[in-house]
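Please treat every number below as a calculation from the coordinates, not as lab data. Predicted model only: the values in this text are computed from it and were never measured. Neighbour counts are summed over all protein chains in view; Cβ atoms, including those assigned to glycine, are modelled from backbone coordinates with ideal geometry.
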Amino acid sequence: MRIHTISPGKPFLAEFPPRNTEPLLSIKETITMTKFPRDEAGILALAKKMSDDFTANPDIYPAPPASAEALDASLEACAAAKDAVQGIKAALEAAVRLKQAAFARLEENMHDNIRYAENAVHDDDAK
């Protein structure tokens, strides 16, 4: 870390972040905010790694802002929410198939009636 002086007696930090080679967690790769996962699978995997690391190293991480238990509870809530979404998606897909089948049958009935009406009037548009 280098300290420079803008004006006499007013130092400022020239390097940010400070050179700390020790990772935040004992995860092989260092996760920075720019590399924070954006997809659900990545977020869940990182949360699980955090929980495991906090649980395995209470002497290093005695009081994290969100405890391993809190992370585990959040992971369970996410899993339940994902399952609920999958169930709702399956129900929606089934409902869409039923709607499509109903419209297909309605169209068939309408085409049959149009053919019937044309035959009944012997293709006379005036009738």
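Working from label points 7 Å from Cα in the Cα-to-Cβ sense, the residue 103 to residue 86 distance is 2.9 nm.
Annotation for residue 48 and residue 120: the two label points, set 7 Å from Cα along the Cα-Cβ direction, are 6.5 nm apart. Each of 88, 43 has some number of other Cβ atoms within 10 Å of its Cβ, and from fewest to most they run 88, 43. Cβ crowding within 10 Å, taken as a proxy for footprinting-reagent exposure, orders 51, 74 from fewest neighbours to most as 74, 51. A straight Cα-to-Cα reach below 18 Å connects residue 89 with the aspartates and glutamates 40, residues fewer than 8 places away in its own chain not being considered.
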